[in-house]
Amino acid sequence: MTEGIEGPYWQSAIRVGEETLFPFHQEAEAALFAAHGANRLGSDSLPRELARLASDHYRKAARETAKRYWQLKGRKAAARSEDLRKALSILELSVLQTFDTFDGTGSLFDKPIGQRKTLQLELAKITDNTCDDLAIGAFDLPSDPTETSGGSAPRLVPSDVALVILEIFARSSKAHKINVLGRPHQSGPLEAQLGMQFTNDERAEVAQLLEQLISDGLLRPTYSDIADPENWLEITQTGRVALATGAVDELEAALLPLGQHLVDMRRGAKAAMSGRQPDSQRQAAFSARELLVQVLHALAPDEDVKSQAGFGNSTVSRKARVRFILKNQTIREYSDSTAEMVESLAGWVETVYGKLSAEGHGRVSARQAKHLVQSVDLILETLLL
């Protein structure tokens, strides 16, 4: 399995950091609008406010990134502080880009170079401190699940936990399902590697995930034990391929050739669905909708669609992309009814996304966001599988 920051564990950690930074973009935009309304554009008050927001949000994002990696790798994470530095450099760049976008200067005022330089130094200091904390094991999670913060990232991300389960089974010829899951009075290797103790609900959730891995053919019973033939499991060749590629289901495997970032985006949407932050559902909807848009553009680039015989429009519509993709599929024959179904579902996704976005910072319907994420999966399965 890839060990650099492009590997699935680090990508999961980076994704958590990016999701934690999401409110900074919104607050920076709001600060710019407020400064415009108060006629403060060009003064140093807006850059100072943005720098304060940037530092606060980056500090939290850096810690959440390190914490997620520690959850996935346990104490082995302590030796990876330099990889954490590389991962956090991605988040640093994102923070600085947001600062530049909303500093209110445009073409009329001088850029706040001094404030930006001070911010860079502060971000570098936060990075150093976070890397030092990882090296000394400061992110070793409390054994009592009630000690974790209710506003932090979700403790369990199914795709990430699935990879850890596969890694555990790959290390031995076989393992008993209950031993891997652990018991309330006796932690198993899965909890040890994740660096956490499961609640009863979490243990039940992971048990369902393990059954799904069996159903998907990534794990299988050995049937070699006389007393308990179905609960002794081994990893299959398909499971080893999933572990090596970081794709834990058929749709992820289909997305990988188009780019790891699309797999990460899908996982991010599903992870946000489990989040307990006020804006988690909206983030899930945003990630799922953006995933659909990027897949459509990847499978049906403007130049390819426009080069079709008889295409005379100056712009490429979503409907044109859907029909282009389905007509060029090799897995099934083109069908107008399938194209209409996909286009109708994609239109519904846009409508629901627009409604969720229009609700601002109020409570978003979890059911609507969940249906949107599921609908995007259905569209992608139709286009890719």
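Please treat every number below as a calculation from the coordinates, not as lab data. Keep in mind the model is a prediction, meaning the values are calculated, not measured. A quick note on method: Cβ atoms are made from the backbone with ideal geometry, for glycine too, and the neighbour counts reach across all protein chains shown.
Do any trypsin sites (Lys or Arg not before Pro) in the range 287-385 lie in a loop, going by DSSP, with at most 13 other beta-carbon atoms within 10 Å of their beta carbon, and if so which?
Numbers: sites: 289, 306, 318, 319, 321, 323, 327, 332, 355, 363, 367, 370; in loops: 332, 363.
Sites meeting the loop and neighbour criteria: 332, 363.
To the nearest whole percent, what portion of all C-alpha pairs in the range 203-343 is separated by more than 23 angstrom? Working shown, then result.
Working: 5393 of 9870 pairs.
That fraction is 55 percent.
Using 1/(1 + (r/R0)^6) with R0 = 22 angstrom and r between the beta carbons of residue 174 and residue 251, what's the FRET efficiency to the nearest 0.05? Don't skip to the end; give the middle numbers.
Working: r = 29 Å, r/R0 = 1.30.
Result of the calculation: an efficiency of 0.15.
Could you work out the helix-only [θ] at 222 nm for the chain, with each DSSP H run of four or more residues adding -39,500 (n - 2.57) and the total divided by the number of residues, to the nearest 500 deg cm²/dmol?
Numbers: 16 runs with 249 residues, N = 385.
The helix-only estimate for the chain comes to -21500 deg cm²/dmol at 222 nm.
Once you place label points 7 Å from the Cα toward the Cβ at residue 76 and residue 313, how far apart are they in nm?
It is 5.0 nm.
How would you rank 99, 139, 311, going from fewest to most other Cβ atoms within 10 Å of each one's own Cβ?
On the way: 99 22, 139 19, 311 11.
Result, fewest neighbours first: 311, 139, 99.
Please report Rg over Rh for the range 39-101, where both radii come from the alpha carbon positions and Rh follows the Kirkwood definition.
Values: Rg = 15.3 Å, Rh = 13.3 Å.
Ratio value, two decimals: 1.15.
So what is log10(I(q)/I(0)) for the range 158-247 at q = 0.11, 0.14, 0.23, 0.26 1/Å, when the Debye sum runs over its Cα atoms only?
Here the Debye-derived log intensity ratios amount to -0.27, -0.44, -1.20, -1.46.
For Cα pairs less than 8 Å apart in space and 6+ apart in sequence, what is the mean separation divided by the residue count of the chain, i.e. the relative contact order in percent? Please report the intermediate quantities before stating the final value.
On the way: 468 pairs, mean separation 56.4, N = 385.
Relative contact order here is 15 percent.
Place a point 7 Å from the Cα of residue 214 along the Cα-to-Cβ direction; which residues of the range 180-195 have their backbone N under 16 Å from it?
180-182
What FRET efficiency comes out for residue 298 versus residue 341 if R0 is 30 angstrom and r is the Cβ-Cβ distance? Round to the nearest 0.05. Write down the numbers at each step before the final one.
Details: r = 21 Å, r/R0 = 0.70.
With a Förster radius of 30 Å, E is 0.90.
Please compare each pair in 86/270; 327/370; 319/355; 60/125 to a cut-off of 18 Å on the Cα-Cα distance and tell me which ones are over it. Let's see the in-between values first.
Working: 86/270 25 Å; 327/370 29 Å; 319/355 21 Å; 60/125 13 Å.
The answer is 86/270; 327/370; 319/355.
Excluding residue 320 itself, calculate the net charge of residues whose Cβ lies under 15 Å from the Cβ of residue 320, where each Lys or Arg counts +1 and each Asp or Glu counts -1.
Value of the local net charge: 0.
Among 53-63, 10-20, what's the highest-first ranking by average C-beta atoms within 10 angstrom per residue? Please report the intermediate quantities before stating the final value.
On the way: 53-63: 21.0, 10-20: 23.6.
Highest-to-lowest ranking by the protection proxy: 10-20, 53-63.
Among rounded, prolate and oblate, which fits the range 8-140 when a ≥ b ≥ c are the square roots of the eigenvalues of its C-alpha gyration tensor, a/c under 1.5 means rounded, and a/b larger than b/c means prolate? List each step's numbers first, then the result.
Details: a/c = 3.09, a/b = 2.40, b/c = 1.29.
Since a/c reaches 1.5 and a/b is larger than b/c, the shape of the range 8-140 is classed as prolate.
For residue 138 and residue 370 in the same chain, what is the full-extension length gain: residue separation times 0.36 nm, less their Cα-Cα distance, in nm? Walk me through the numbers before you get to the answer.
Numbers: separation 232, 0.36 × 232 = 83.52 nm, distance 3.46 nm.
The span from residue 138 to residue 370 would gain 80.1 nm if fully extended.
Suppose the chain between residue 36 and residue 350 were pulled fully straight at 0.36 nm per residue; how much longer would it get relative to their current alpha carbon spacing?
Full extension of this stretch gives 110.0 nm more.
Taking N as the number of residues in the chain, what is its Cα Rg relative to 2.2 N^0.38 Å? Display every interim value, and only then the final one.
Working: Rg = 23.2 Å, N = 385, 2.2 N^0.38 = 21.1 Å.
Cα Rg divided by the expected 2.2 N^0.38 Å: 1.10.
Among 98, 351, 118, which comes first, then next, by fewest other beta-carbon atoms within 10 Å? Please list the in-between numbers first.
Numbers: 98 21, 351 11, 118 15.
Listing 98, 351, 118 from fewest to most nearby Cβ atoms yields 351, 118, 98.
Just rank 27, 230, fewest to most, by other beta-carbon atoms within 10 angstrom.
Values: 27 18, 230 12.
Sorted ascending by nearby Cβ count, the order is 230, 27.
Using the basic label-point model (7 angstrom from Cα toward the beta carbon), what is the residue 327 to residue 201 distance in nanometres?
Spacing of the two 7 Å Cα→Cβ label points: 5.0 nm.
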